[in-house]
Amino acid sequence: MITGYDPSSKVLTTGIGNLIDFGRLPDTLVPSENPLSIHERQRLHSAFQRKKVKEGWKKEVTVSLDFSFGGIRFNIRGRLDLILESDDSTKIIEVKTIRDIPEFTDPVHSRTENALQLYFYAKAFSIERNIPIEKIESSLFYLSMNMKNQAVCPFTVNLTDGRLERLWLNLLTDVSEYIVSEDIRKEAQISALGTFRFPYNSLIPGQQKMLNEIGRCIDNKGYLMLQAPTGTGKTAAVITGAIRRTIPERAALFFLTAKNTHKQIVEDTLRLIIDKGVPLRGIFITAKSKICHRGRSRCFPDDCPYAADFGEKIRNSGVMKKLLNLQLIGPDVLKDEARGAKVCAFELGLCLAMQCDIVVCDYNYVFDPHVFLKRFFLERSTAKMCCLLIDEAANLPSRARDYYSPEIKLSWITELLEDSGCPPARTKLLDPWIDAFREWTALLVNSGNDEIEIPPDTNTPLNTDKLITHMYELRDPPEALRELFNAVIDFSKISGVSDNRYHLLFRRQNVDYIIQWFCTDPSEFLWERLESCLSAIAFSATLTPFDHFKYLLGFPDGDKTVSKSIVWPFPRENLGVWISPEIDTRYKTRRESAALLKDRIRNIYLAMPGTWLVFFPSYAYLEQISSYFEDDDIPLLIQTPGMSREERKIFIERIESGNQLVMTVSGGIFSEGIDLRSENLLGAIIVGPSLPGMNLRMKLLSDSYSSLGRDAFIHTWAIPGMVRVIQAAGRLIRNRSERKALVLIGRRFTKYPYLGLMPEHWFVDGSIQLISGGVSKIADFLRNEMGDAHAPP
């Protein structure tokens, strides 16, 4: 993806920085920066410019070059940092900040990007003023950010150095060749789209509507909320509808999903599209820690051999071309090829992503302020070329709360203080935190609660400036200090600012203590990202009520946001739904009703033996009822907390292999995002509406809804609870030939607001069947005999 290119006129209009960033891979990877270090760079840069202006220099002088090269018309612009003109001389300076005193002596070799930028400024100015380039005195000034030694290090650059012109021509050659090849590829894609209809041979009901709505949304640069039941083929329809618009627009398509199972569905869909003749390129981005050759959870480029000489290794190995020829680039092949080229796999993946049509990744690479992909979303010019497909969008708001709720752990501080090498300056910074945590712990103990809210004006010993100074003095800070530093930066943005979205909370978590700014409403932060992009489509089987999720997701009011529901595509008679109302599943009555609940589940299984999924609102409730089956001969498969990926895989295989009661948790890993392919699966039993628990955080969310004039109970508890129920029920029917039973246990299912939040296709003639005695009608239904008792709506 390159910004500023008009394929109709073959003109590229861009800034010199963007041109270099796109056309030239970084020589060596450097640590990513936090916002305060960026701010410090800007401060030093501006201060140096102001000083030179007082000496007669001009700053931020605009220059441009307009020329043709390689079949492309280039219109490149930029702003000179500093220039000093006199009758007999011209001097220009490009200013760069650097972490410490430069260890290099030749910036043309060691800081090629900087030298190229300076060379462009000199070349453009010489043409504009008709001055021979050799008459211009050019320098690169490096400003050290080392707080103890903020030196100014100048390097004179000889503009007649032949390496500069070769680097310049190589840059233009690489960019022009890429554009020409991309023009050819886009023509082939557009031609293929002309005959391509759909990845599958036929559409199922609702998919054509999805295709139309998605196309209309992207055409209007708008926002779409799309609810479609499980089994409607959302993934195929959403991707197909989107690529028909993004490919001709040369926009990048981001498919955002948190589930590995969904990523596999996306990959299968993309392969079908490619097999139909559309030459797509896609990449699957996974967590940096999972793909790191050195198995690190955090990146330290300073001492990583896969970061050194990054650009040269990629150019010499040809690894990018090799991977792009695969069309779909998964994490495993990316890691293998990167290891062979001796380069960082994650950074290689990001470079490849810039040349792909679709990027499949987690929500955090778009919405998390700490790890979002800056090359796509930092600048509006690139963000406006990105279209977002947000899968299972009902899950994004809770994830976003985590993104914008920074926390500081006592364990970080104690680890640093217990280090024998802890310097006195660091101890002085950390000791006030120990005192603060001691005070907050006393408040927590006295409250008798697991978590407390403390006044927002509570003094937190951030000492931000001193901590920044200390960090800049260290070449390789300890991991705990990095964590603390980043958290302190986030805290400094919130502390002292009146913002009713934030609450200062303190809690104990296992053996650790944690202070956190908890964000109840991240919708404005989500909107900032959404608004910067070309378009956004949020889709899920659970996006109603639309006004609830539209607000949480940050989608705008008015005509810009369109909400559409897709009807259930299967015969109504394929899903039998019953409510068992005689059992009270509320927390306070669970002990009294446990034996009755166990008997109800047992009787359903015995009436029609097979595999039944039984969903509980919590592990505690699951374990309580499972214990009643200990002396029973009914086979049980029980989900346990914290299952590893391998354990989850084995669990699914066991679900698909035999007749049993599968005891699992609503809202958990087995209640959404998985396809169960078991001929023995007869139905699901869902125990209670799976409301979130009552705790301090839920109370704060409730207060937030109340302040907006909304029904706090419905928005805080009822809607999330029923979302989990609907997600669990979605495991049942995936095609027109399946016939399954759904049993909702609990009298609350017969009442407002729960009944009103159920999907329309659960109702027959406006009502849902009640189990009034035995369960024989469920067995009759599964033998194709319909029951006739219904509950009023």
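Using the Cα centre of the stretch 233-298 as origin and beta-carbon charges of +1 (Lys, Arg) and -1 (Asp, Glu), tell me which of THR246, ILE291, LEU272 is placed farthest towards the positive end of the dipole.
ILE291
Only Cα pairs under 8 Å and at least 6 apart count here; give the relative contact order of the stretch 346-455 as a rounded whole percent.
Computed over the stretch 346-455, the figure is 16 percent.
Treating the beta-carbon of each Lys and Arg as +1 and of each Asp and Glu as -1, no other charges, what is the dipole magnitude of the stretch 416-541 about its Cα centre, to the nearest 20 debye?
140
If a helix is a whole DSSP H run, which ones in the chain reach 20 Å or further along their own axis (Cα) and hold a mean Kyte-Doolittle hydropathy of at least 0.0?
234-249, 479-494
Share of the stretch 387-543's accessible area from carbon and sulfur, percent, 1.4 Å?
Ligands and nucleic acids excluded, carbon and sulfur reach 47 percent.
For the stretch 402-488, what does the relative contact order come out to in percent, with C-alpha contacts under 8 Å and a separation of six or more?
47
For the stretch 1-146, which whole-number percentage of the solvent-accessible area (1.4 Å probe, protein heavy atoms only) is attributable to carbon and sulfur atoms?
Carbon and sulfur atoms account for 48 percent of the accessible area of the stretch 1-146.
What order do you get for 160-173, 362-375, 244-257 when each peptide is scored by the mean count of other beta carbon atoms within 10 Å, highest first?
Answer by packing, highest mean first, reads 244-257, 362-375, 160-173.
Roughly how many percent of the accessible protein surface of the stretch 655-793 is carbon and sulfur, given a 1.4 Å probe and a whole-percent answer?
Of all accessible area on the stretch 655-793, carbon and sulfur atoms account for 49 percent.
Among the lysines, which fall within straight-line cross-link reach of LYS51, defined as a Cα-Cα distance under 27 Å, with same-chain neighbours fewer than 8 residues apart omitted?
Leaving aside lysines fewer than 8 places away in the same chain, those within reach of LYS51 are LYS59, LYS91, LYS96, LYS123, LYS135, LYS148, LYS466.
Equivalent-ellipsoid semi-axes (√(5λ), Cα gyration tensor) for the stretch 704-755, whole Å, largest first?
Ellipsoid half-lengths, sorted descending, are 29, 13, 7 Å.
Only Cα pairs under 8 Å and at least 6 apart count here; give the relative contact order of the chain as a rounded whole percent.
Answer for the chain is 12 percent.
Just from its helices, what would the mean residue ellipticity at 222 nm be for the chain, if runs of 4 or more DSSP H residues each count -39500 (n - 2.57) and the sum is divided by every residue, rounded to the nearest 500 deg cm²/dmol?
The helix-only estimate for the chain comes to -13000 deg cm²/dmol at 222 nm.
Among ILE726, ALA192, ILE390, which residue has its Cα furthest toward the positive end of the charge dipole of the chain, with +1 on Lys/Arg Cβ and -1 on Asp/Glu Cβ?
Of ILE726, ALA192, ILE390, it is ALA192.
If I take all pairs of Cα atoms in the chain, what percentage of them are more than 35 Å from each other?
Considering the chain, 57 percent of its Cα-Cα pairs are separated by more than 35 Å.
With N set to the number of residues, divide the alpha-carbon radius of gyration of the stretch 597-738 by 2.2 N^0.38 Å and report two decimals.
1.15
Between their Cα atoms, which of LYS740/LYS777; LYS276/LYS649; LYS342/LYS374; LYS384/LYS560; LYS276/LYS335 are more than 20 Å away from each other?
LYS276/LYS649; LYS342/LYS374; LYS276/LYS335
Keeping all protein chains in place, calculate the accessible area per residue for the stretch 28-157 (probe 1.4 angstrom), answer in Å².
52
Using alpha carbon centroids, what distance separates the stretch 411-488 and the stretch 343-386, in Å?
The two parts, judged by their Cα centres, are 32 Å apart.
Under a point-charge model restricted to the Cβ atoms of Lys and Arg (+1) and Asp and Glu (-1), what is the dipole moment magnitude of the chain relative to its Cα centre, in debye to the nearest 20?
Roughly 1100 debye for the chain.
With θ set to phi - 60° and the Karplus curve 6.51 cos²θ - 1.76 cosθ + 1.60, what are the ³J(HN,Hα) couplings of the stretch 290-296 in order, to the nearest whole Hz, using x for Gly and Pro?
Couplings: 7, 10, 5, 5, 9, x, 8 Hz.
The values are calculated or read from the model by the stated rules, or taken from the named source; none is laboratory data. Worth saying up front: this structure is predicted, and the values here are computed from it rather than measured. Don't worry about glycine lacking a Cβ; one is built from the backbone with ideal geometry, like all the others, and counts go over all protein chains shown. Protein only, heavy atoms only, side chains kept; ligands, DNA and RNA dropped before computing areas. Shrake-Rupley method; radii C 1.70, N 1.55, O 1.52, S 1.80 Å.
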